[in-house]
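Report on one structure; see the data block that follows.
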Amino acid sequence: MFMKSKITAIAAVLMTTAFPAFADFWSDAGAKYKGVVLHGVTESSPPSVYIKDVLAPQFEAATGIKVEIETTSWDQMYDKAIKDMEAGTGLYDMVYIEQDIIYAYLSRNFLVDMTQTLTDKPELKAPTYDDANFTTFANYFKNADGHLFGVPMEAFIKLYLYRKDLFENPDIMAAYKAKTGKDLMPATTHEDYTAIAEFFTEYGKEKGMELWGTTAQAHTGHAASWYEYYESIAPTFGVYNWGIDPANNYAASVANGGRMNSDEAKAAMKYWLHLRDIAPPESAQSTWTETATTFAAGRAAQGLIYGENAAWIASDATKSKVVGQVGFALPPLADGVMAAAEAGTGYIGYYDGGAFGLPVTSKNQEAALLFLQFIGQNEVQPDWAVAAPRITNTATYDDPKVVAMDATLGGYYTMLKDQGKLFAGAPAYPFHAQVREATAPIFYQILTGEIGPDEGLDAMAAKAEEELTNLGYRQ
Amino acid sequence: MRSNKTGWLMLAPTLAILGTFGILPFIYVVYVAFHRWNPFGANPDMVYNGAKNFRRLVFDNEFLTAVLYTLEFAVFAVGSEVILGYFLAQLLMRNFPGKAFFRTIHTLPLIVAPIVVGSVWRLMTTPSIGIIPFYLNNIFGYDMNMGRDPGTAFLMTVIMDIWHWTPLVTLTLLAALLALPRDPFEQAEIDGANRRQIFWHITLPMIKPAILATVFIRMMDALRTVDEVWMLTGGGPGDATRYVGLHIWKVVFPKTDYGYGSAISIIVLYLTLMMCWVLYVALVAPRPKKEAL
């Protein structure tokens, strides 16, 4: 990885020499800020590590502006970024904005309007940068006027991954058929997914294998489980936006017009709890990445996995035992959910991602704006997409390197391109963490069995409404 | 005699640092505690709300549960550390082969950062990959799953704390034991006192100040523990290990409920001080002598 980064950095230096027009802009624009050191904070994810190891050195070589990127845990990243922007210390010149926090940041005016700034200061506008190059995922980072507040740097969908070697094994297919009367193939309904999961868990037990039927991101004390349920499970039962209805005075309970404790939400919870029970034992301590690790270790026959981990699971033999054996499919759905997603009134799963934004408290806004444009260029995208499975620019899909990678990944990028529109990011709420933290203790009690799913979801809906009232959103 | 002015001048840097980083933030926390302030609320401004935050926490089941669990954690962890630390200190008073090596190994946990301790224990306790569930299953057939069993999770946080901090207690008590004069022990032996009598009537009273100082320090640490437990369990399963420090962190940072979080912090500080005071009065403070009849 280190060697690869070095080679890419050297290639970038050579590229700037070979293309004087680009080199001229970056070196000319950067000359004014020589000696400036930009500081960024981001989550330690593959796309962010690529920025730190590859893009930051490339930018420094091109402009003379040094960039220091701090990669840390999800919690710490928010903790540091919000404290810095809230206190106005100006420690960070770039902050990672996960799609679900952008609404909170915009409501507090934490971020610089990039579109407006580049219009006001045309001398900072790179000729190779254009907002129009981004996919529609960039819309999540725009305000009502269409102004951009962050450069998208990662975008992926949470997909249904399955083990092709197991699903296509004739003996296993025959055994499944004998047991269920159905052909073994990626599930399209919750009933089929459950049947496959039960079959493989039993199969693993019978054969003495370390194999279970599904993954489950079901930590009993971490927000990751809350998100798996609300972003990846409940929507497949037709419960969208956490079951809260902003148009109806932010109602959460069925009694008030919400759906957080609806029959569909309760069915989704029971379905997921059952899957958790037949998933590998580590599932009760699994957060975002552990489900990917479980799948990569060959311990699960299928599972819902964040796309940022798809590439290494499918192609990196140093980390994954299932290289070349991974199939991708859309999540199983209840009746009517696909039709709603196609009509634009619902969605089938989570479209995750984030952008790099510029805090208004930054003391080096102009230099930081140069860096943000640098990482938003079409030219840097293909290698980035190969190193980490994320695509934020439309042109990236057609690059030969990405097309080749798509074949290796069994069509993941094609799925992202063609069916990404069926997925959705987090709802446009400025109160994500607040409602999550208010309801999470009850959610964890449901997971531990201290409270039943029906009773628990009723209590969560009431708690969500209470918190929304305290916050002043619900009148 | 030197003038007071010189003394104050020499103290000034310390007082300035203490005032800036200790006193002023504390005053600010008290100020915030009397306000409703959530920067991500519909009204992100600070609004004075009197003592409502303090009244709220009296009826806050999550907070009261966190306090209860924290007290249980502190009592079990600190109690075990003192008993274990005393025996280890006694062991280190004697000569045995490999004593120097044992003393070094035994002290190593002290230099490990709490966040690292939490990470290592998490790896050791995760089902399927952790060494502890592996051996418990192989030897005793016990299927340990900390994510599903609140009792196990609680126990693991206690054991982790004992592993991390017992060496501190050992070193403190070892220093106290080494400093004891020999005469009272020799006289007691001559008078025919057995080992139990010597422990209760000579050793314990003489090292009581050291024990209490250690208990105070460890008790305060245990009451504010966050990072180790956060890494190991995240406060789960459910709220089984959501100790009060972690509870405050969750209220103040992810939930950004600054006003209420400040009120909880002040109450927890008050409770900690009160606990230490009660301990001091019960065990150390001089008692008025009974007047002769």
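The values are calculated or read from the model by the stated rules, or taken from the named source; none is laboratory data. Quantities reported herein were computed from a predicted structural model and do not represent experimental measurements. As a convention, Cβ positions derive from the backbone with ideal geometry for all residues, glycine included, and neighbour counts pool all protein chains shown. Protein only, heavy atoms only, side chains kept; ligands, DNA and RNA dropped before computing areas. Shrake-Rupley method; radii C 1.70, N 1.55, O 1.52, S 1.80 Å.
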*In segment A:245-253, is there at least one residue being more than 13 Å from every other protein chain (Cβ to nearest Cβ), surrounded by fewer than 24 Cβ atoms within 10 Å (Cβ to Cβ) and closer than 20 Å to A:Ile348 by Cα?*
yes
*Residues (surrounded by fewer than 17 Cβ atoms within 10 Å (Cβ to Cβ), modelled with pLDDT of 90 or more and in a helix (DSSP H, G or I)) located in segment A:14-48*: A:Ser27, A:Asp28, A:Ala31
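Against the condition more than 15 Å from A:Lys363 (Cβ to Cβ) and away from chain B (no Cβ under 14 Å), how does A:Thr63 come out, does it pass?
Values: more than 15 Å from A:Lys363 (Cβ to Cβ): yes; away from chain B (no Cβ under 14 Å): yes.
The answer is yes for A:Thr63.
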*Hey, any hits in segment A:384-394 for a residue that's touching a Lys or Arg at 6+ places or on another chain (Cβ under 7 Å) and open to solvent by 10 Å² or more (accessible area, probe 1.4 Å)?*
yes
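Can you tell me which residue among A:Ala296, A:Ala300, A:Ala284, A:Ala314 is modelled with pLDDT under 95 and within 14 Å of chain B (Cβ to nearest Cβ)? Reasoning before the result, please.
On the way: A:Ala296 fails: modelled with pLDDT under 95; A:Ala300 fails: modelled with pLDDT under 95; A:Ala314 fails: within 14 Å of chain B (Cβ to nearest Cβ).
When all the criteria are applied, what remains is A:Ala284.
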*asked:* Any residue in segment A:447-466 that is within 12 Å of another protein chain (Cβ to nearest Cβ) sitting within a Cβ distance under 9 Å of a residue that is among the hydroxyl-bearing types (Ser, Thr, Tyr)? List the pairs, counting only those 6 or more apart or interchain.
replied: A:Leu447/A:Thr220; A:Leu447/A:Ser225; A:Thr448/A:Thr220; A:Glu450/A:Tyr444; A:Ala459/A:Thr439; A:Lys463/A:Thr439
*Looking at A:Tyr140, is it touching a residue at least 24 places away in the same chain (Cβ under 8 Å) and either open to solvent by less than 10 Å² (accessible area, probe 1.4 Å) or within 14 Å of another protein chain (Cβ to nearest Cβ) (or both)?*
no
*segment A:156-181 residues that are of a type in the set (Val, Ile, Thr), paired with ones that are open to solvent by less than 80 Å² (accessible area, probe 1.4 Å) and not in a helix (DSSP H, G or I) (beta carbon under 6 Å, 6 or more apart)*: A:Ile157/A:Tyr351; A:Ile157/A:Phe423
*Can you give me the number of residues within segment A:427-437 that are within 14 Å of chain B (Cβ to nearest Cβ) and part of a loop (DSSP other than H, G, I, E, B)?*
4
*Taking the condition among the charged types (D, E, K, R) and modelled with pLDDT of 90 or more, does B:Lys250 pass?*
yes
*If we scan segment A:267-287, do we find a residue that is over 30 Å from A:Glu467 (Cβ atoms), without any contact (Cβ under 8 Å) to a residue 12 or more places away in the chain and under 20 Å from the mean Cα position of the chain (by Cα)?*
no
_Please pick out the residue among B:Leu57, B:Leu123 that is modelled with pLDDT under 95, touching a Gly at 6+ places or on another chain (Cβ under 9 Å) and in a helix (DSSP H, G or I)._
B:Leu123
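Let's see how each residue does on (1) under 24 Å from the mean Cα position of the chain (by Cα); (2) surrounded by 15 or more Cβ atoms within 10 Å (Cβ to Cβ); (3) outside any helix (DSSP H, G or I):
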site	(1), (2), (3)
A:Leu166	no, yes, no
A:Met173	no, yes, no
A:Ala178	no, no, no
A:Leu184	no, yes, yes
A:Thr194	no, yes, no
A:Glu198	no, yes, no
A:Ala216	yes, yes, yes
A:His219	yes, yes, yes
A:Ala224	yes, yes, no
*Could you please find all residues in segment B:133-150 being open to solvent by 40 Å² or more (accessible area, probe 1.4 Å) and either under 27 Å from the mean Cα position of the chain (by Cα) or farther than 18 Å from A:Thr220 by Cβ (or both)?*
B:Phe134, B:Tyr135, B:Leu136, B:Asn137, B:Asn138, B:Ile139, B:Phe140, B:Gly141, B:Tyr142, B:Arg148, B:Asp149, B:Pro150
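Okay, residues lined up against (1) closer than 24 Å to A:Ala224 by Cβ; (2) assigned to a helix (DSSP H, G or I):
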| position | (1), (2) |
| --- | --- |
| A:Val239 | yes, no |
| A:Trp242 | yes, yes |
| A:Ala255 | no, yes |
| A:Arg259 | yes, no |
| A:Ala265 | yes, yes |
| A:Lys270 | yes, yes |
| A:His274 | yes, yes |
| A:Ala279 | yes, no |
*How about segment A:79-112: which of its residues are part of a helix (DSSP H, G or I) and either more than 14 Å from chain B (Cβ to nearest Cβ) or without any contact (Cβ under 8 Å) to a residue 40 or more places away in the chain (or both)?*
A:Asp79, A:Lys80, A:Ile82, A:Lys83, A:Glu86, A:Ala87, A:Gln99
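So, of the residues in segment B:32-49 that are hydrophobic (A, V, I, L, M, F, W, C) and at the interface with chain A (Cβ under 7 Å from one of its Cβ atoms), which turns out to be farthest from A:Lys83 (Cα to Cα)? Give the derivation first.
Of the residues in segment B:32-49, the ones hydrophobic (A, V, I, L, M, F, W, C) are B:32-34, B:37, B:40, B:42, B:46-47.
Add one more test, that the residue is at the interface with chain A (Cβ under 7 Å from one of its Cβ atoms), and what stays is B:40, B:42.
On the way: B:Phe40: 13, B:Ala42: 19 Å.
Within segment B:32-49, the match that is farthest from A:Lys83 (Cα to Cα) is B:Ala42.
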*Neighbours by Cβ (under 6 Å, 6+ apart or cross-chain): first from segment A:387-400, among the hydrophobic types (A, V, I, L, M, F, W, C); second surrounded by fewer than 24 Cβ atoms within 10 Å (Cβ to Cβ) and at pLDDT 95 or above*: A:Ala395/A:Asn378
*Could you please tell me which pairs satisfy a Cβ distance under 7 Å, a separation of 6+ or placement on different chains, a first residue in segment B:244-259 that is more than 8 Å from chain A (Cβ to nearest Cβ), and a second residue that is among the hydroxyl-bearing types (Ser, Thr, Tyr)?*
B:Val244/B:Thr70; B:Gly245/B:Thr225; B:Ile248/B:Ser265; B:Val252/B:Tyr258
*Name the one entry in B:Ala240, B:Ala263 that is over 30 Å from B:Thr126 (Cβ atoms) and either part of a loop (DSSP other than H, G, I, E, B) or not hydroxyl-bearing (Ser, Thr, Tyr) (or both).*
B:Ala263
*Flag for B:Ala74 being in contact with a Leu (Cβ under 7 Å, 6 or more places away or on another chain) and surrounded by 20 or more Cβ atoms within 10 Å (Cβ to Cβ)*: yes
*Just to be sure, is B:Thr225 farther than 30 Å from A:Leu447 by Cβ, away from every other protein chain (no Cβ under 14 Å) and β-branched (Val, Ile, Thr)?*
no
